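S.K.: Okay, handing you the structure first.
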Amino acid sequence: LVLPGRAQTFRFALLSDLHLSPGTTGAEDLRRAVDQINADSLAFVIVAGDFTDNGDRASLLEAKTILDGLKTDYYATSGNHETKWSESGATDFARIYGSDRFRFEHGGLLFLGFNSGPVIRMMEGHVAPQDLAWIEENLREAGPDRPVFLVTHYPLAKGDVDNWYTVTDAV
């Protein structure tokens with residue numbers, strides 16, 4: 001990533017829609033991706049949702065085992081398949097990965113990852129009020145001049161997330 005006016009450059013990987021499920025090639029595909037990432041010199045990896053096809057605990061654990069093989073830090077947020085498709089009512093993801101949000105800084109940039117999945121299955125995505133409060137708090141702490149990357153599974157756009165404008169107005 002190269003930003004005008006910034007001397008530091010870095011590269012990172014973004015993974016999304018892994019859709020691991022028992023009996024498919026998803027796990028092997030993820031292993032190959034991890035091997036490729038490990039062969040390169042990347043600053044970090046972001047995984048932006050839909051680790052699994054059905055949100056099941058076994059697939060979430062398998063994905064974590066594979067991702068833990070990365071030689072660099074990775075940051076993860078959930079997708080709709082970890083929330084509305086999940087047999088655990090969206091609780092396994094946070095138990096396994098620590099949270100469905102992340103915040104980190106790299107190269108003077110702030111990265112915020114959070115859930116943007118639907119409230120009701122098959123509907124537009126939605127950023128929950130508690131996530132919006134968390135975003136606003138992080139933005140206040142960062143200050144108005146800090147460049148920010150928002151990382152979500154659903155794009156923050158009309159037709160994808162019903163309250164996208166609330167998030168983009170906060171930024």
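S.K.: Which condition from (1) without any contact (Cβ under 8 Å) to a residue 40 or more places away in the chain; (2) closer than 22 Å to A33 by Cα; (3) touching a helix residue (DSSP H, G or I) at 6+ places or on another chain (Cβ under 7 Å); (4) open to solvent by 60 Å² or more (accessible area, probe 1.4 Å) is the one that E62 breaks?
M.R.: E62 satisfies all of (1) without any contact (Cβ under 8 Å) to a residue 40 or more places away in the chain; (2) closer than 22 Å to A33 by Cα; (3) touching a helix residue (DSSP H, G or I) at 6+ places or on another chain (Cβ under 7 Å); (4) open to solvent by 60 Å² or more (accessible area, probe 1.4 Å) except (1).
S.K.: Let me ask something additional. List the residue pairs whose Cβ atoms are under 7 Å apart, where the first residue sits in region 145-171 and is in a loop (DSSP other than H, G, I, E, B), the second is open to solvent by 40 Å² or more (accessible area, probe 1.4 Å) and among the aliphatic types (A, V, I, L, M), and the two are 6 or more positions apart or on different chains.
M.R.: P147/L3; L156/L150; V171/V148; V171/L150
S.K.: Right, something else. Out of (1) of a type outside the set (D, E); (2) in contact with a strand residue (DSSP E or B) (Cβ under 8 Å, 6 or more places away or on another chain); (3) without any contact (Cβ under 8 Å) to a residue 12 or more places away in the chain, what's the single condition that is false for G98?
M.R.: The failed condition is (2).
S.K.: Additional query: Which condition number in (1) within 16 Å of T166 (Cα to Cα); (2) small (G, A, S); (3) at pLDDT 90 or above is the one that G69 fails?
M.R.: (1)
S.K.: Check D35 against each of (1) outside any loop (DSSP other than H, G, I, E, B); (2) open to solvent by less than 20 Å² (accessible area, probe 1.4 Å) and name the one condition it does not meet.
M.R.: (2)
The values are calculated or read from the model by the stated rules, or taken from the named source; none is laboratory data. From a predicted model like this one, the values you see are computed outputs, not experimental measurements. Every residue, glycine among them, receives a Cβ derived from its backbone with ideal geometry; neighbour counts consider all protein chains shown. These accessible areas exclude ligands, DNA and RNA; they are computed on the full protein's heavy atoms, side chains included. Shrake-Rupley method; radii C 1.70, N 1.55, O 1.52, S 1.80 Å.
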